[in-house]
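Each remark here refers to the structure printed beneath this line.
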Amino acid sequence: MVDTSAGILLFRVGADGPEVLIAHPGGPFWARKDDGAWSIVKGLLAEGEDLWTTARREFREETGMDVPAGEPVDLGTVKQRGGKIVTAFGVEADLDVSNAVSNTFEIEWPPKSGVKTSFPEVDRIEWFGLEQARAKLLASQHPFLDAVQAVVAAR
């Protein structure tokens, strides 16, 4: 069965145009990766859960904050390289993420050491203009940036 995720891409419009809030994955595999490694804040759909509920739950888990009030906009669905299906919702809002705190996961690290180590699921969350976000974000998620740009342009 194909994994299905839902997420939220907060966006705001500043003096230099639209900005989006994206997350850098935590853990040792991603520690030295930057460009092309970031993602929208997202997570796996739980059994019986709808996409919007999943997106809001995952936002809370990965940032420690609730989704700001705002009308969700459907930004579409993409298929990532590994086959995961990701649906994104845009919400226009400004959010101070300086105190963001992610949930954690535990893995054996270093490998074959027998030692379980805890890592944050998200180690950084930042606002980027669309051009810089395009460099940071996983390539498969670029259509979400195009959708945000279209939403802002349609005003």
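The values are calculated or read from the model by the stated rules, or taken from the named source; none is laboratory data. Note that this is a predicted model, so its numbers are computed, not measured. Don't worry about glycine lacking a Cβ; one is built from the backbone with ideal geometry, like all the others, and counts go over all protein chains shown. Only protein heavy atoms, including side chains, enter the accessible area calculation; ligands, DNA and RNA are left aside. Shrake-Rupley method; radii C 1.70, N 1.55, O 1.52, S 1.80 Å.
Where the alpha-carbon atoms of segment 31-88 are placed on the principal axes, they occupy 33, 24, 22 Å, in descending order. Highest-first packing order for the peptide set 14-21, 139-146 is 139-146, 14-21, based on the mean count of other beta carbon atoms within 10 Å.
For the chain, the longest principal axis of the alpha carbon atoms and the long axis of helix 142-153 meet at an angle near 30°. Between the alpha-carbon centres of segment 35-50 and segment 1-30 there is a gap of 9 Å. Calculated FRET efficiency, LYS79 and SER113, Cβ-Cβ r, R0 41 Å, to nearest 0.05? Calculated transfer efficiency: 0.70.
I want to verify the translational diffusion coefficient of segment 52-142 in µm²/s; compute it with Stokes-Einstein, Rh as the Kirkwood radius over Cα pairs, at 37 °C and 0.692 mPa s.
Details: Rh = 15.4 Å.
Taking Rh from Cα pairs, D becomes 213 µm²/s.
P(r) for the chain, from all Cα pairs and a bin width of 10 Å, is 11, 40, 36, 10, 2, 0 %, short bins first. What is the diffusion coefficient of segment 1-62 in µm²/s, taking the Kirkwood radius over Cα pairs and the Stokes-Einstein relation at 25 °C with a viscosity of 0.890 mPa s? Answer, rounded: 187 µm²/s.
Restricting to the chain, compute how many DSSP beta bridges are antiparallel as a %, nearest 5.
Values: 27 of 36 bridges.
Of the beta bridges lying entirely in the chain, close to 75 percent run antiparallel.
The residue among ALA6, ASN103, GLY26 whose Cα reaches farthest toward the positive pole of the charge dipole of the chain, with charges on the beta-carbon of Lys, Arg, Asp and Glu, is GLY26.
With a 1.4 Å probe and every protein chain kept in, tell me what percent of the accessible surface of the chain is carbon plus sulfur.
Details: 4350 of 8450 Å².
That share works out to 51 percent.
In degrees, nearest 10, range 0 to 90: what is the angle between the Cα axis of helix 51-63 and the longest Cα principal axis of the chain? Orientation of helix 51-63: about 60 degrees from the principal axis.
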